[in-house]
Amino acid sequence: MLSDRIATLVRSRLLLNSIYLIMRITRIAHTQQSQPKEDADLSLMKPLLIKYDHKPGSLIPLLQGTQELYGFLPSGAFKAISEATGIAPADIYGVATFYAQFRLSPVGKNIIKVCHGTACHVQNANAITDALKDHLGVNDGETTADGEFTLESVACLGCCSLAPVMMIGENTYGKLNGKSAVKILKEIKNQLCTNQPKAEK
Amino acid sequence: MKKTKVIVGLGSCGIAAGASKTYSALEEILAKGEMDFELARTSCIGMCYKEPLVEIQDEKGKIIYGDMTAEAVEGILKSHLLDGKIDLERAVVAEEQKTPEDSFFEGQVKIALRNCGYMDPESFDEALERDAYKAIKTLIAENKSSMDIIQTMIDSGLRGRGGGGFPTGLKWKFAYQNESDQKYIICNADEGDPGAFMDRSLLEGDPHAVLEGMMIGGYTIGASQGVIYCRAEYPLAIKRLNIAINQAKAKGLLGEKLFGSDFSFDIYVKEGAGAFVCGEETALIASIEGKRGMPRKRPPFPAVSGLWAKPTNINNVETWANVPWIINHGAEAYAAYGTEKSKGTKVFALTGKIKHGGLVEVPMGVTINDIIFKLGGGIQGDKKFKAVQLGGPSGGCIPAELGDTIVDYDSVNATGAIMGSGGMVVMDESTCMIDLAKFFLNFTQEESCGKCTFCRVGTKRMLEMLERITEGKGEDGDIEKLENLAHQIKNNSLCGLGQTAPNPVLTTLKYFRHEYEAHIYDKKCPAKVCKPLLTYTIDPEKCTGCTVCAVKCPTNAIDGSRKQIHSINQETCIHCGECYNVCKFEAVMVD
């Protein structure tokens, strides 16, 4: 039967796609930085997959939920989502790489987002990124060797009148300069060292 | 006697300025029992430059104090509550008394922002007290026809506040006239313009107004489902929206057969995942459907085939927030404000090198100078006003000479900029316009979805040219090449992103061409921003021979020993500016 043959063809293409894709994702994850081998426990995704089962348009929430679980999108997650939703892994990969929010490799425990919106730019946000790069010894988008901090430049955080600003975790810090940004980072490091993470509400 | 109320402004910017620490400090003060008051919270009143803000309501009236850090709050509170003294120097709003900050509110008309900063955004009762859901109730009770409501919207003159400026009533009419079993209402809260935060403030300060606006839209066009597409970068806005939606559902204001009629309406929040292009309506729809947010050709317009191929009406947050007010007060009341073709008010986010940065809502038709000098208090450090950037990466720079331009859609368009969503970034003489154009091009080339070649490759090529110019490698003919490419990109891109991406370059070329020429031909940056073009020298009259600069110089390009006049070796100097930053005697000169 023709339809059976087409179905087999489509299935084998899907399978091939997913193999290629996983190879590619693994390669990217490895070349980007020397991270410990990812050993994400994919069973954690089960409640998420059940929650969005057969709901149209739920690919982005699925990816967001996955990233919340692992801090990034592990390569195995693509296969799991594909199997659950029937969306080709290539399409999932296409969506994951389109949006700025998604990461394909692990990140530090604390993500430092330095705002580079217009208001922050004219108030010299570059000086903050430069000072933090110097202090942490990493480039923009990289993670420190101890896995504690990832430095990121982001578009507007929406706190323009306090420019220049940065966000560490859920906290936003405003009216910065290079020195004060490093000072805040040092304070956070001290808190981490004494092992008493003080959560601000 | 009514109990004294102490209210802390807890919007995102207030929290960034330390308002949650102030709130905790107030909780501790309350726990000590020395003073008795009711602690409450509100959102942003727009006065971001004085954050954190604390309002005290008692028999003396309503006083808002500015700069209320956790350290300062106890002292002010004691003198206010125990000694009965009002510290007018620190007060920013005081009923019946003048404060130094009154000029910030003079000339403002708050329609969209009517409740922001005046109520607890998480309290349903306070929202009801301030007329939430009154408009939709009236419409249903009076059994108003869709065409009547559409006519009211057309008469009000409300135009899309997201930047496009399309008449809202007409947009609704198209969606209404397309028959379908299912229609959708979408609220575009993907406020991606860097330098704009009015939608965030609105969602954080008055989520019910947006929900009610969407309900009225749904009732009018015959939609039963609403979606709010909100940036994930706005966690507080998403949280407060969800609280408001749950409250409305619990009180029977969202759901099946509302107010005893056949009208059913439900709303959910969809989090964006970080793509500027999703502000474009067809890209936004693709994103809600779980696809890459790439725009598609129009027609068909969303009013015919939108979300899940059903008729869909999309409006921006600020537009939706205006709708209930218009229904409650009538089209005439709204149209009384503004100019002939741009009615009503517009919210602007005033940022950059301005004294009073914040959120202002003014009637259309005021001048740029009025906004910057009267409301905004002028330029930081009383420097010279150079230009204002309107409309974000799609907009342009309006120079100080055109400061008398009135703010409405058509007058702003005539300058080459666009109204956009209302981000107003003010620049002084220390901003390099080529550096700014480079900044925006960098943004748009990163955010281009890649579908149209001119937008994908063209913006990249323009950026490379600007990079060369700011590095002192500009060549004769670069300006013409930039102009040519800019027009090609404008004409050959599918969506608003590409069509407007060259605007920052075109407007700076139009008004600041001499700066481009100075960079290219004289190899100078007049604003002294582009470091490769700067020359650092030491003024022998001012140099004291302190050696600080020589010690700090990373390439040992500074000669001179203690108490001797120093000099910079231009061949080894890398123009990092460290000597300029560390010199206490202003002896390092930049040219």
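Taken together, the values in this text are just the output of simple stated rules run on the coordinates, not laboratory data. Since the model is a prediction, treat every value here as computed from it, not as a measurement. Every residue, glycine among them, receives a Cβ derived from its backbone with ideal geometry; neighbour counts consider all protein chains shown.
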Summing +1 for each Lys or Arg and -1 for each Asp or Glu, what net charge is found among the other residues whose Cβ lies under 9 Å from the Cβ of A:Gly57? +2
Treating the angle as unsigned and between 0 and 90°, give the value, to the nearest 10°, between the Cα long axis of helix B:459-470 and the longest Cα principal axis of chain B. 40
Ordered by fewest other Cβ atoms within 10 Å, a rough proxy for footprinting exposure, A:Glu148, A:Glu142 read A:Glu148, A:Glu142
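Considering every Cα-Cα pair within the range B:345-428, what fraction, in whole percent, is farther apart than 16 Å?
When every Cα pair of the range B:345-428 is considered, 41 percent fall beyond 16 Å.
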Can you find, among B:Leu241, B:Gly352, B:Ile285, the residue farthest towards the positive end of the dipole of the protein assembly as shown? Put +1 on the C-beta of Lys and Arg, -1 on that of Asp and Glu. B:Ile285
Tensor-based shape of the range B:124-334 (alpha-carbon gyration tensor, a/c under 1.5 rounded, otherwise prolate or oblate): rounded
Just to confirm a number: summing +1 for Lys and Arg and -1 for Asp and Glu over residues other than B:Gln151 whose beta-carbon lies under 13 angstrom from that of B:Gln151, what do you get? -1
Using alpha carbon centroids, what distance separates the range B:43-84 and the range B:132-178, in Å? 40
In whole angstrom, the spacing between the Cα centers of the range B:323-387 and the range B:533-591 equals 45
For a quick check of your reading of the filter: which trypsin sites (Lys or Arg not before Pro) in the range B:161-250 sit in a DSSP loop and have no more than 16 other Cβ atoms within 10 Å? none
The farthest towards the positive end of the charge dipole of chain B, of the residues B:Ile372, B:Leu30, B:Ile434, given +1 on Cβ of Lys and Arg and -1 on Cβ of Asp and Glu, is B:Ile434
Take the eigenvalues of the Cα gyration tensor for chain B, scale each by 5, and report the square roots as semi-axes in whole Å, largest first. 44, 35, 20
Suppose every K and R has +1 on its Cβ and every D and E has -1 on its Cβ; what is the size of the dipole of the range B:345-428 about the Cα centre, in Debye to the nearest 20? 320
If you wrap the protein assembly as shown's Cα atoms in a convex hull and average its projection over all directions, what's the area in nm²? 39.1
In degrees, nearest ten, helix B:235-250 long axis to first principal axis of chain B (Cα): 0
Give the longest segment of chain B that steers clear of chymotrypsin sites (Phe, Trp or Tyr not before Pro) in DSSP loops with at most 16 neighbouring Cβ atoms within 10 Å, not counting the sites themselves. B:106-584
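Taking the Cα centre of chain B as the origin, how large is its charge dipole in debye, to the nearest 20, when only Lys and Arg (+1) and Asp and Glu (-1) carry charge on their Cβ atoms?
1200
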Leaving out same-chain residues fewer than 8 places away, which lysines sit with a Cα under 28 Å from that of B:Lys137? B:Lys110, B:Lys171, B:Lys173, B:Lys183, B:Lys239, B:Lys249, B:Lys251, B:Lys257, B:Lys270, B:Lys310, B:Lys343, B:Lys346
Leading residue at positive end of dipole, the protein assembly as shown (Cβ point charges), from B:Gly160, B:Ala112, B:Val362: B:Gly160
Going by alpha carbons, how many degrees (0 to 90, nearest 10) lie between the helix axis of B:478-491 and the longest principal axis of chain B? 10
Using each residue's phi in the range B:98-104, evaluate 6.51 cos²θ - 1.76 cosθ + 1.60 at θ = phi - 60° and report the 3J(HN,Hα) Karplus result to the nearest Hz, with x for Gly and Pro. 7, 10, x, 9, 4, 4, 5
Total charge dipole magnitude, the range B:1-160, about the Cα centre, Cβ charges on Lys, Arg, Asp, Glu only, Debye to nearest 20: 380
Filter the GluC sites (Glu not before Pro) in the range B:529-591 down to the DSSP loop ones having no more than 13 other Cβ atoms within 10 Å, then list what survives. B:Glu541, B:Glu571, B:Glu586
Residues of the range B:385-421 with amide N under 14 Å of a point placed 7 Å along Cα→Cβ from B:Glu340: B:409-411
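Where does the charge balance sit around A:Lys109 when Lys and Arg score +1, Asp and Glu -1, over other residues with C-beta under 11 Å from its C-beta?
-2
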With a cap of 15 neighbouring Cβ atoms within 10 Å, and only residues DSSP puts in a loop, list the GluC sites (Glu not before Pro) found in the range B:76-145. B:Glu89, B:Glu95, B:Glu96, B:Glu106, B:Glu142
What is the Cα centroid distance between the range B:417-438 and the range B:98-112, reported in whole angstrom? 25
